[in-house]
Amino acid sequence: TLSALCLTYGQFSVCGRLWKSQPTTSDETVVAGGTVVLKCQVEDPDDSSLQWSNPAQQTLYFGEKRALRDNRIQLERSTPNELTISISDVVLSDEGEYTCSIFTMPVRTAKALVTVLGIPQKPQIFGHEQPIDEEKIARLTCRSSGSKPAAQLRWRKGNKELKDVPSTGVVEDPNGKTFTVSSRVEFRVTKEDNDAEVTCAVDHESLQNVERSTTQKLQVHYKPTAKIEPHPMYPREGEKLRLQCDGQGNPVPQEFLWEKEGSDTPLQLSSDSVLFFPFLNKSDSGTYVCTATSSMGSVVAKYNLDVSGKRDHRAPCITRLLPGAVSWHNASPVPSTSGPYHAVIGGVVAVIVFLLLSLLIVLGHYLIRHKGTYLTHEAKGSDDAPDADTAIINAEGGQASGDDKKEYFI
């Protein structure tokens, strides 16, 4: 469908055809640094060329001819019905309305809105620079700049999402196009939060579901703990002994005081956690106390030393926690090693019993054979003998004389 349009100026008239078809375009969204493609199509160009112009009304392309010297702008397709161009390395200033025009009578245009997304910078966490004492409140702030539109921030501690973030702020950047967002979180820390990872993540459509985040470890100061370890584990009289006061905490205890209960004079006060006995005596028996001290306080550990010269005696080992974080240990002598010896002794006894049984069997067999010979001899000489011995002698003699009796036939 078409209509006529005539313009009259004085005695002159100019008439032209008006086409109903309009150019078609589409709005585009692009991430800063990316590439945007602008396509303009028309059904019937009526022998006219399509043209693209930027928000400043500068012509970019007229048909297939470049009008603006900008190497980022390239021609993708040019036909009577289509003009497609691309803009690479898009910056925030490229945002705005782009116009596609076709020069018919009158000129027809279509608009394409290009939206450029500002990519938020990697977030930064503030407030973790100094260690936090246990049971105190940790206050952390996260900040990210350069997002357009304004980004959203999320907090995690370990794998747990922190909800109900108390405050979030949005401030426009000096360029007037992007925004800086900030978020603050507060929570009470415990001993278990030492070395815990706190993460701040930024969510924005320009990231295309790729998380951009920052993680920091918390440093929590907490009270020390201590226990005493003997080396060797079962001390005996005459041996060397090292008592190690193992202090744990953040910060680690740096001062150790050694005392013996019942004595008014401290045994040792230094940064050395070891109390050394070069030669144990029974007089060294008693309860030894180690006081480990750090900037977060002191803790007491106790150890009961019982020096014994008996090898097979075992004293019970007791561990208990006293008020004020005190640990108590009883020393035990060398454990009995009779288990392996019992096995060896059992084997020796079994061998001896076997040998005795074998000897009894051989001896019994010999006695039975001897008794049979005795009875046989006794039978042979028992007719004329007054007793058994005489019968045996007679039997042997009779056998010999029997051999002498021989008959000769002529």
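The values are calculated or read from the model by the stated rules, or taken from the named source; none is laboratory data. Worth saying up front: this structure is predicted, and the values here are computed from it rather than measured. So basically every Cβ, Gly included, is an ideal-geometry build from the backbone, and we count neighbours across all protein chains shown. SASA here: full protein model, heavy atoms, side chains in, ligands and nucleic acids out. Shrake-Rupley method; radii C 1.70, N 1.55, O 1.52, S 1.80 Å.
Counting only residues that are touching a helix residue (DSSP H, G or I) at 6+ places or on another chain (Cβ under 7 Å) and not in a strand (DSSP E or B), how many does segment 200-239 have?
To start, the set of residues in segment 200-239 that are touching a helix residue (DSSP H, G or I) at 6+ places or on another chain (Cβ under 7 Å) comprises 218, 220, 222, 237.
Keeping just the survivors that are not in a strand (DSSP E or B) gives 218, 237.
Qualifying residue count for the region: 2.
Here ALA196 clears all of (1) in contact with a Pro (Cβ under 8 Å, 6 or more places away or on another chain); (2) open to solvent by less than 50 Å² (accessible area, probe 1.4 Å) except the condition numbered (1). Does at least one position in segment 245-256 carry a residue that is of a type in the set (Val, Ile, Thr), within 30 Å of SER147 (Cβ to Cβ) and out of contact with any Pro (no Cβ under 7 Å at 6 or more places or on another chain)? No: segment 245-256 contains no residue that is of a type in the set (Val, Ile, Thr), within 30 Å of SER147 (Cβ to Cβ) and out of contact with any Pro (no Cβ under 7 Å at 6 or more places or on another chain). Pairs needed: first member in segment 287-302, touching a residue at least 24 places away in the same chain (Cβ under 8 Å); second member anywhere, among the acidic types (Asp, Glu); C-beta distance under 7 Å; at least 6 residues apart or different chains. Correct list of pairs: THR287/GLU261; VAL289/GLU259; VAL289/GLU261; THR293/GLU255. Just to verify a result, which residue in segment 204-262, among those that are crowded, with 19+ Cβ neighbours inside 10 Å and among the aliphatic types (A, V, I, L, M), is nearest to the chain's Cα centre (by Cα)? Ranking the qualifying residues of segment 204-262, first place goes to VAL220.
Residue by residue through segment 281-305, note down the ones that are more than 11 Å from ALA226 (Cβ to Cβ) and surrounded by fewer than 20 Cβ atoms within 10 Å (Cβ to Cβ). Listed by number, the residues that qualify are ASN281, LYS282, SER283, ASP284, SER285, GLY286, THR287, SER295, MET296, GLY297, ASN304. Checking each residue in segment 87-96 for being open to solvent by 10 Å² or more (accessible area, probe 1.4 Å) and either farther than 12 Å from ASN54 by Cα or among the acidic types (Asp, Glu) (or both) picks out SER88, ASP89, VAL91, LEU92, ASP94, GLU95. In segment 67-86, of all residues being under 15 Å from THR35 (Cα atoms) and not β-branched (Val, Ile, Thr), the one that is surrounded by the fewest Cβ atoms within 10 Å (Cβ to Cβ) corresponds to ASN71. Among the numbered conditions (1) within 16 Å of LYS39 (Cβ to Cβ); (2) open to solvent by 50 Å² or more (accessible area, probe 1.4 Å), the only one that GLY63 does not meet is (2). So which residues in segment 76-92 are in contact with an Asp or Glu (Cβ under 8 Å, 6 or more places away or on another chain) and either free of Cβ contacts under 8 Å to residues at least 24 places away in the same chain or among the small types (Gly, Ala, Ser) (or both)? Of everything in segment 76-92, those that are in contact with an Asp or Glu (Cβ under 8 Å, 6 or more places away or on another chain) and either free of Cβ contacts under 8 Å to residues at least 24 places away in the same chain or among the small types (Gly, Ala, Ser) (or both) turn out to be SER78, SER86. Among the strands (runs of 3 or more DSSP E) confined to segment 97-152, the ones with at least 1 residues that are at pLDDT 95 or above, open to solvent by less than 10 Å² (accessible area, probe 1.4 Å) and among the small types (Gly, Ala, Ser) are located at 108-117, 137-147.
If you go through segment 163-176 one residue at a time, do you hit one that is touching a residue at least 40 places away in the same chain (Cβ under 8 Å) and either at positive phi or not hydrophobic (A, V, I, L, M, F, W, C) (or both)? The answer is yes, given that some residue of segment 163-176 is touching a residue at least 40 places away in the same chain (Cβ under 8 Å) and either at positive phi or not hydrophobic (A, V, I, L, M, F, W, C) (or both). For segment 284-291, check the following and say yes or no: at least one residue is closer than 30 Å to ILE137 by Cα, assigned to a strand (DSSP E or B) and touching a Gly at 6+ places or on another chain (Cβ under 7 Å). No - not one qualifying residue is present in segment 284-291. Of the residues making up segment 247-283, those that are farther than 18 Å from VAL299 by Cβ, touching a residue at least 24 places away in the same chain (Cβ under 8 Å) and part of a loop (DSSP other than H, G, I, E, B) are GLY262, PRO278, PHE279, LEU280, ASN281.
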